[in-house]
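Encoded as structure tokens, the structure appears first; notes follow it.
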Amino acid sequence: MSKKLTITIRVEDEQGETLIESTSERNVPYIHEIEEQGFRAAFHDLETAVLETRKEAGDKVVSGYLELMSQKKQKPNI
């Protein structure tokens with residue numbers, strides 16, 4: 001039975017209010033799978049899941065943050 005890896009990246013303002021948040025999830029091997037696959041294969045699956053999850057969450061945050069900044073720049077200062 002796999003376990004779930006969840007990575008959340010959050011951008012906050014000075015008051016601690018969340019501006020952008022992204023969460024990404026992947027399944028990772030559990031002890032039984034490590035025993036069945038062997039350590040190297042299970043470690044590779046774990047490492048791949050971490051890298052893919054981090055990239056996905058990071059890409060979403062960067063995209064959302066840039067979009068947020070472009071909207072603020074378009075609004076005229078009064």
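Here, each number is a calculation from the coordinates, and none is a lab measurement. Nothing here was measured: the structure is a model prediction, and the numbers come from that model. Counting neighbours? That spans all protein chains shown, and the Cβs are built from the backbone with ideal geometry, glycine included.
Observations
- Summarising the strand pairing of the chain, around 100 percent of its internal DSSP beta bridges are antiparallel.
- Angle of helix 39-74 to the longest C-alpha principal axis of the chain, folded into 0 to 90 degrees and rounded to 10: 10°.
- Proximal charge balance of Ala42 [Cβ under 10 Å; K/R count +1, D/E count -1]: -4
- Dmax and Rg, reported as Rg then Dmax, of the chain (C-alpha, Å): 18.1, 64
- What the Cβ-Cβ distance of His44 and Glu21 gives, at R0 = 25 Å and to the nearest 0.05, is a FRET efficiency of 0.25.
- Per-residue [θ]222 nm for the chain (sum of -39500 (n - 2.57) over DSSP H runs n ≥ 4, rounded to 500): -19000 deg cm²/dmol
- The range 3-74: Lys pairs at Cα distance under 24 angstrom, eight or more positions apart or on different chains: 6
- Dipole magnitude for the range 3-74: computed about the Cα centre from +1 point charges on Lys and Arg Cβ and -1 point charges on Asp and Glu Cβ, it is near 160 debye.
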